[in-house]
Every structure is written in C-alpha cells, then in structure tokens.
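Engineer: Supplied in structure tokens, the structure appears directly below.
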Amino acid sequence: MQGVQVIFQSFYNAHNKIQKIDLNELAVAQLRTRAADNQFWISGSNSSEEYSGFPSSIIRPDGTLRQATRHKTEIIVEDLSLSQLGWMYDNRET
C-alpha cells in the first residue's frame with residue numbers, strides 16, 4: 001500500500017446478543033497492529049447502538065488510538081500531524 005496515509009474502515013457491529021466476546025478486543029488489536037505495521041492512520045467507524053463491540057476509533061501510525069464513548073453518538077476529531085506521534089519503528093527497506 002505504497003503512498004497510503006489514511007484508511008477508512010467502516011464497521012457495523014451493533015445489537016449483539018452477547019456483550020463480551022474476544023472478537024471485540026481482537027478487532028481493535030488488529031487495527032492498532034495494521035496502523036503501526038504500515039505506518040498509516042485508520043479511521044474505524046462503528047455504530048453507537050447498544051450493544052456495539054467497540055466504539056468508533058482513530059488509530060495513529062504509532063498504534064495509539066482515540067476512541068469515542070461506547071453507545072453514545074459522538075464525532076472524533078484528530079489532528080493528523082506526524083509531529084505528535086510516539087515511537088515508531090523504521091520498517092522501510094534499505
């Protein structure tokens with residue numbers, strides 16, 4: 001994915017009968033890992049309906065994230081500035 005800076009990943013994970021499943025944590029872990037591995041931003045939107053497995057999130061290229069409040073309608077705003085990121089490894093080929 002050469003040259004990609006932002007991925008928009010849309011989910012609809014709402015009205016689940018089972019409120020706590022491992023897939024909820026796995027989905028967020030996958031988003032964080034992919035953002036850090038590929039050094040791009042991910043906008044992961046999800047429903048605010050009950051029960052949603054995880055809230056909408058913005059994941060930074062360093063793997064850190066900002067999340068909306070689960071089950072509450074919100075908008076997340078994030079500055080896509082690389083100057084405020086934490087540690088990132090250099091995975092470019094030499």
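Engineer: Return the residues of segment 48-68 that are more than 20 Å from Thr33 (Cβ to Cβ) and modelled with pLDDT under 85; say none if nothing qualifies. Can you show your working first?
Structural biologist: Let us first name the residues in segment 48-68 that are more than 20 Å from Thr33 (Cβ to Cβ), namely 48-52, 68.
Of everything in segment 48-68, those that are more than 20 Å from Thr33 (Cβ to Cβ) and modelled with pLDDT under 85 turn out to be Ser48, Glu49, Glu50, Tyr51, Ser52.
Engineer: Continuing with the same structure: Being of a type in the set (A, V, I, L, M), closer than 18 Å to Glu49 by Cα and open to solvent by less than 100 Å² (accessible area, probe 1.4 Å) is the filter; apply it to segment 1-31 and report the residue that is modelled with the lowest pLDDT.
Structural biologist: Checking each candidate, the answer is Ala14.
Engineer: Have a look at Ile76, Ile42 and point out the one that is without any contact (Cβ under 8 Å) to a residue 40 or more places away in the chain, outside any strand (DSSP E or B) and under 15 Å from Gln9 (Cα atoms).
Structural biologist: Exactly one residue qualifies, and that residue is Ile76.
Engineer: Give me the pairs: first residue in segment 27-39 and closer than 17 Å to Ser81 by Cα, second residue open to solvent by less than 70 Å² (accessible area, probe 1.4 Å) and assigned to a helix (DSSP H, G or I), beta-carbon distance under 8 Å, and six or more apart or on different chains, which are they?
Structural biologist: From segment 27-39, no pairs qualify.
The values are calculated or read from the model by the stated rules, or taken from the named source; none is laboratory data. It should be emphasised that the depicted structure is a prediction, and the values quoted were computed from it without experimental measurement. Because the Cβ atoms are built from the backbone with ideal geometry, glycine has one as well, and the counts that use them run over all protein chains shown. These accessible areas exclude ligands, DNA and RNA; they are computed on the full protein's heavy atoms, side chains included. Shrake-Rupley method; radii C 1.70, N 1.55, O 1.52, S 1.80 Å.
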